[in-house]
Every structure is written in structure tokens, then in C-alpha cells.
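The values are calculated or read from the model by the stated rules, or taken from the named source; none is laboratory data. Predicted model only: the values in this text are computed from it and were never measured. A quick note on method: Cβ atoms are made from the backbone with ideal geometry, for glycine too, and the neighbour counts reach across all protein chains shown. Note: areas computed on protein heavy atoms with side chains; ligands, DNA, RNA excluded. Shrake-Rupley method; radii C 1.70, N 1.55, O 1.52, S 1.80 Å.
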Amino acid sequence: MNRKKILWVSHFLPYPAKGGAQIRSFNLIKELARHHDVSLFCLVYEDVVMNYFESLDAAISISEKVFKEFCIELTLVPIKRNKSKKMAFVKSLFSGESYSVSRLSVNFVKKELKKIIDQKKFDSVHLDTLSLCSLLDIFSGDRVVLNHHNIESLMMYRRAREQKNILMKLICYLDAWKIQKLEKYACATINAHIVCSDLDGARLEELYPAIKTITIPNGIDCSSVVNNRHPDGESLLFIGGLDWYPNTDAVRFLLNHVWPKISEKNKNLKLDIIGKNPPSDVRELANQFINVKLHGFVDDIEPYYERAWLYICPIKDGGGTKLKVLDALAHGVPLIAHPVAMEGIDAVSGVHYFQASAEQDFVDLIFDLHSKSPDFLHKVGLNGKDLIFSKYDYDRIGKNLAKIYDQNE
């Protein structure tokens, strides 16, 4: 296989690999670099990286050392945003662009990217999100691959349907329409589209029948999974950034509807919630329970996986495949999940995990599993782990990803 020159363009810093999109992109870049010469162009937004680093300079410095281990060239572009997300959202209402596109510093980014494109000829350009398609006009001579972390318009339409506030519902529907318009443009312009699951591929084909998609699933670096489980029989666990609305909605659902019933009948059961930037109302909800611990961001989640009796994932929004689900299964933690949380994952309820939809389903299932023997739960946990190691290891996924750029002639 001939090594190709690939420019990977990212709208976020995929390090540290602590969140869903970060984990996917970091591992795909790392694995792709085993087979091809990867140059990384990455926007580094100060307001985002401050969740993980002391400063913007520290984020750049530390990340450079990491990516230089496998990337041929590296361009990390620091960006300070003065306007708030709310102001950017309002501004997007009066433009033809979706909020996700208007948040990018497009003119500035184009100028920086043009320098690199003019200096070096790439065999392929990888755009790591739909919103970067606003830059397509500068890649006229290059072969472009677009990665769909989610089906973005579907996510926004789902969000619109969930909104109780009429004004926000209309705003979300408007943004969904704008996103779908950009998807249509991207599908008509780009030949190679990567999706996270066959289900996401089918959804794009429903919208745009002529599109050809390639499934590169989310995965796990199975070599990094610690095989050390000592469940305490009482601790339930949820992990997910709490500045991402599907995660926040899931936690609100847990604390408003499920946990009061659990806590009323069995106060020995405990819930650990891990995730950066929890909003104030989630903090207030968690503080109502003596058996709920809201941890915020933690550097090392392994001790929580080690003692967790169950992982609970009531996510019923969003798209793509949920890396938190793959990670929990890879660690052998028995999982209770909403059907939406399992989309795109070849897991069978009752074999690899347990499915619940309505609030009472979650409550009944938790109490039912509490009456089961540890051996029963251990077996289901092992089934889930075997599934991830056999189908979702990034080593296997990386080899399939590399073939795309050989074929992108």
C-alpha cells in the first residue's frame, strides 16, 4: 500500500481524548498515521480547551508534543472568541448559515488553510465535520473526504421536537433546515462520506439517494482498557460531558424521574455522575439526593468503572454511535440503555446489555437486576466486552479507514 499525503482538518482540538468526538478523531488520526502521512490542521478555541488546560498556550504546547509523535506536520491555530454562544446563536438567526457554521471564524480559517494548500499537494483532504464544508471552495484541486460524526440535521430536528418553549422550537427547526441545506450541498459536492454506522448511512441515503457512504464505526483502544473489575453491588454510573445537551437531558431525566423512585425504595444504591461543565439546575437536582455524587470532570475514570455495578445510559437524543456506551461495554460493566443510545451498535438486549425506554422501565429493571446473582451480571458484562474487542477495536477500524484514501482517486 502506497502512503498517501492527507490533510486532516478539524474544527476542534482532539486532545485530550476525553469526549465522544475527541476520542473518535484522536484515535482515527493516530491509526490513519500508521498507514499514511497525515498533516493535521486544527482550530483550537480557548473557551473549549480551558476545560482541560490551564491556558490556551498550554493546550497548544502539550498537544503539539502528542501529535508530533505520529503526524508529519502540525498546524494548531489558536482562536479567542469574545462573543458568547448565545450571541453567536442569535447572530446565526439572521444569516443563511447554521449556528455550527457561524461559530467558525471562516474567513480567518480560509486564509490559514490556503497557505498550507498552496505550499503542499495533498492526495486527500479530510474534513472532520459537516460545518467545515463552508470551506470547500479552497479545495478545488484536492480529493475531499467528509466525516459525519452524526447526522447533524436529524439531531437538530430531534432537539426541536423535544423543545417545550415555542420560540426555541422554531429556532431549532430553522437551524435544522439550514443544516440539511448544507448537507445537501456537501452530498452533491463530495464523493467520499464516512459515517459512524450503517444506520447513519441509511439515514443519509434517505435524504440524498445518490450518496455513497462508508461506515467507519466508533471504537475503543482496547489495548488501554484496564481489566480490573470489583463491582460493589450498589454503584450506578453515568459518564458524559454535561455541556452537551443529549447528556444533560439524560441526567435530568435520571434525576427528575428515575432516581427519586430508586432512592425512595433503596437508599443504599448510589449514583456517580461524571462530566464537565454541569449546568446549575443539574447541580441543584443532584444536591437533593444524599446518594448522588456529581463529580464534574475527572482525570481518571478507571476507578469508577472498577467499582460500578451498573452503567446507566438513558440518552434519547443525538446521533451517531455513543462512545460512552462502547467504553462501558469494553470495561465489562453491565449496561442499561435507551434504544437511541444503542443506535448503530450491534448489541442484543439481554445478551450484551439491557434495554429500557420509559422511566418505569429503568426503575423496574434496576430493581430486577439488583435481585439477580453477581454471576448473571458478570456474564452479560463479559458478553458486551467480547463484542467490543471483536468488532470495535481501533486497530481493526484504522486499517479499514486507511483503505478509503487508497480508493479516493
key: Mean separation of Cα contacts under 8 Å, 6 or more apart, over the residue count of the chain: relative contact order %   = 15
ask   = Beyond 16 Å, what percent of the Cα pairs of the stretch 197-273 remain?
value = 71
key: Percent of C-alpha pairs per 5 Å bin, the stretch 279-405, short to long   = 2, 9, 17, 20, 21, 16, 8, 4, 2, 1, 0
query = Carbon-plus-sulfur fraction of the accessible area of the chain, 1.4 Å probe, in percent?
reply = 51
inquiry  = Can you give the local net charge around residue 160? Use residues other than it whose beta-carbon is closer than 15 angstrom to its beta-carbon, Lys and Arg +1, Asp and Glu -1.
reply    = +2
request  = For residue 288 paired with residue 202, estimate the spin-label separation in nm (one decimal), with each label point 7 Å from Cα along the Cα-to-Cβ line.
outcome  = 3.8
key: Stokes-Einstein translational diffusion, the stretch 291-359 - Kirkwood Rh over all Cα pairs, 0.890 mPa s, 25 °C, in µm²/s   = 191
inquiry  = If I ignore ligands, DNA and RNA and count only protein heavy atoms, how much of residue 262 is accessible to a 1.4 Å probe, in Å² to the nearest 10?
reply    = 0
task = Send over a whole-number figure in Å² for the accessible area per residue of the chain, probe 1.4 Å.
result = 45
message = Which three extents, in angstrom, do the Cα atoms of the stretch 263-317 have along their principal axes, listed largest first?
response = 32, 28, 24
task = For Kirkwood radius over Cα pairs in Å, several values are listed as (i) 21.3; (ii) 22.8; (iii) 22.2; flag the one computed from this structure.
result = (iii)
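Restrict the search to the stretch 108-138; then list the trypsin sites (Lys or Arg not before Pro) that DSSP places in a loop and that have at most 13 other Cβ atoms within 10 Å of their Cβ.
The qualifying sites are 120, 121.
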query = In a shell of Cβ-Cβ distance under 13 Å around residue 204, excluding residue 204 itself, what net charge do Lys and Arg (+1) and Asp and Glu (-1) give?
reply = -3
message = Assuming 0.36 nm per residue, please report the length gained on full extension of the stretch residue 372 to residue 228 beyond their Cα-Cα distance.
response = 49.7 nm
query = Can you give the relative contact order of the stretch 1-41 as a percent, counting alpha carbon pairs under 8 Å and 6+ residues apart?
reply = 57
key: Surrounding net charge for residue 226, when Lys and Arg each add one and Asp and Glu each subtract one, Cβ distance under 15 Å   = -3
